[in-house]
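Right, one structure below, let's go through it.
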Amino acid sequence: MKTAGIELSTPNVLVDLDKYNFSNFVDRLKCFHELLTAPPAATRAFLRSYIIAGCRMFGCETGFVGQRIGGVVRIVACESNLDSLFDGQLLQMNEPLVESILSGNKVGLPENVTNVSFRSLNLSYNGINIQNLIAETIDVYDDVFGVVCFLSTSRIRKYDQEDFESIELMAKGVAKMIELQNNLKDQRNESSSFATPGVKHFDDYLLQARLPETYGVAGKVVDVLKSRVGKSPLGIGDVADELGLSKRTLQRRLQQQDISFAELRDKVRFHYSIEFLIEQSASIDNISSALDFSDRTSFTNAFKRWTGLSPSTFRKLFRDYA
C-alpha cells in the first residue's frame with residue numbers, strides 16, 4: 001500500500017540562534033527580544049524556538065512547555081532525545097517534579113541531590129534520572145497556565161541568579177504570547193459568531209484524541225502503530241508480525257486487557273489526524289493514506305464519528321490553533 005510522505009518534523013526556529021552566546025546574559029536578553037518581536041507564527045513553532053534556546057542556555061538536552069488541564073499537565077511542545085517525553089504526554093500533577101514547579105518554587109537541584117525520578121500516566125515503570133533541572137511556572141491572566149521546564153540526564157551544572165532570571169523572562173515571554181493568541185482567537189470568535197451547536201473547544205478535542213494510557217501488550221501495540229503512521233500499513237496482521245505474535249494471539253492478549261485492536265488503532269488514528277489537519281495542513285487524501293484508510297471517504301466517515309465534523313470543517317474551525 002502506498003502511504004503518504006507526512007513527516008512529524010520539528011518546525012524551524014523563528015530566529016538564528018547560532019549568533020547568540022547563551023552564556024552571556026545580554027545575548028539572552030537580545031534573543032528573547034527577537035523572539036517576542038518575530039513575525040507571527042504557529043504557536044508550536046514559537047514554543048519550540050523558546051525551548052531550543054532554553055536548552056542551549058541551561059545546558060540541557062530536554063525542554064518542554066506543559067499546560068495544566070484538570071488534574072494533569074499536558075506537554076504541548078517538547079524537544080528531547082528521550083523517547084519517554086513527547087508532545088501530548090500527560091504528567092500527573094502530584095508527581096514531585098510537577099507539584100514543586102506548580103507550587104511556585106523555582107527548581108534547581110541542590111548539589112547533594114544527584115537524581116529525581118518521576119513517572120507519567122502514559123509510561124508505567126518508566127523512570128527518568130535527572131541530573132539537572134530548572135523550571136518556572138507560566139502565569140496567564142494572573143493564573144497558572146502551566147510550566148516551562150528544562151532538564152538533563154547526563155550533565156551536572158550549578159545554576160546562578162542569571163539563570164533563574166532568564167527562565168523567569170522566558171516564562172513571561174511564553175505567557176505574553178499565549179495571551180496575545182487568546183485575544184486574537186476571542187476576536188475571531190466574536191466576529192464570526194463562533195457558537196456552533198455541538199462544537200467543542202479545541203482543547204477538548206485534544207484531550208479526547210490523546211493517546212491511550214496503556215501498558216503490557218496494549219502499550220506495545222500503540223508504540224508499533226505510532227512508529228508505522230505515515231510509513232507502513234496499520235492492519236492487525238502487520239502489527240502482530242512486528243511484535244512476533246500471531247493475529248489470534250494478539251487478539252487474545254488484548255482481550256485479556258479488556259480492549260480491542262480496533263479501539264487502539266482508532267485512538268492513534270484520531271490523535272494523528274488532528275496533528276496532520278491542523279499543524280501540518282496536509283491534504284485529506286494524504287492523511288487518509290498515512291492513517292491507512294482504504295480511501296478518503298472512509299477517513300471522512302471515521303473523523304465524523306470521532307468529532308461529529310468532517311475533516312475539512314474541523315480544519316476551517318480550528319486552523320488558527322496551530
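A few comments on the model shown:
Conditions tested, residue by residue: (1) buried (at least 21 other Cβ atoms within 10 Å of the Cβ); (2) within 22 Å of residue 202 (Cα to Cα).
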site	(1), (2)
258	no, no
267	no, yes
270	no, yes
276	yes, yes
280	no, yes
290	yes, no
301	no, yes
314	yes, yes
319	no, yes
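- Complete set of residues in the range 45-59 that are closer than 18 Å to residue 138 by Cα and surrounded by fewer than 21 Cβ atoms within 10 Å (Cβ to Cβ): 45, 52, 55
- Test: residue in the range 230-245 that is under 22 Å from residue 203 (Cβ atoms) and touching a Leu at 6+ places or on another chain (Cβ under 8 Å): no
- Filtered by the rule that a residue be modelled with pLDDT of 90 or more, touching a helix residue (DSSP H, G or I) at 6+ places or on another chain (Cβ under 6 Å) and of a type in the set (D, E, K, R), the range 277-322 gives 285, 296.
- Residue 12 meets each of the listed conditions (1) at pLDDT below 85; (2) open to solvent by 30 Å² or more (accessible area, probe 1.4 Å); (3) farther than 30 Å from residue 232 by Cβ apart from (3).
- Unique residue being at pLDDT 80 or above and acidic (Asp, Glu) when the list is 111, 168: 168
- Within the range 197-230, the residues that satisfy the criterion of being open to solvent by less than 60 Å² (accessible area, probe 1.4 Å), part of a loop (DSSP other than H, G, I, E, B) and within 20 Å of residue 278 (Cβ to Cβ) are 199, 209, 211, 229, 230.
- The set of residues in the range 231-276 that are hydroxyl-bearing (Ser, Thr, Tyr) and at pLDDT below 90 contains only 260.
- Qualifying residue in the range 204-227 (condition: modelled with pLDDT of 85 or more and in contact with a Pro (Cβ under 8 Å, 6 or more places away or on another chain)): yes
- Listed conditions (1) at pLDDT 90 or above; (2) open to solvent by 30 Å² or more (accessible area, probe 1.4 Å) are all met by residue 39, apart from (1).
- Selection count, the range 60-79, where residues are within 20 Å of residue 166 (Cβ to Cβ) and either open to solvent by 20 Å² or more (accessible area, probe 1.4 Å) or of a type in the set (Asp, Glu) (or both): 2
The values are calculated or read from the model by the stated rules, or taken from the named source; none is laboratory data. This one's a predicted model, so the numbers in the text were calculated from it and none came from an experiment. Neighbour counts run over all protein chains shown; Cβ positions are idealised from the backbone, glycine included. In case anyone asks, the SASA skips ligands and DNA or RNA and just uses the protein heavy atoms, side chains included. Shrake-Rupley method; radii C 1.70, N 1.55, O 1.52, S 1.80 Å.
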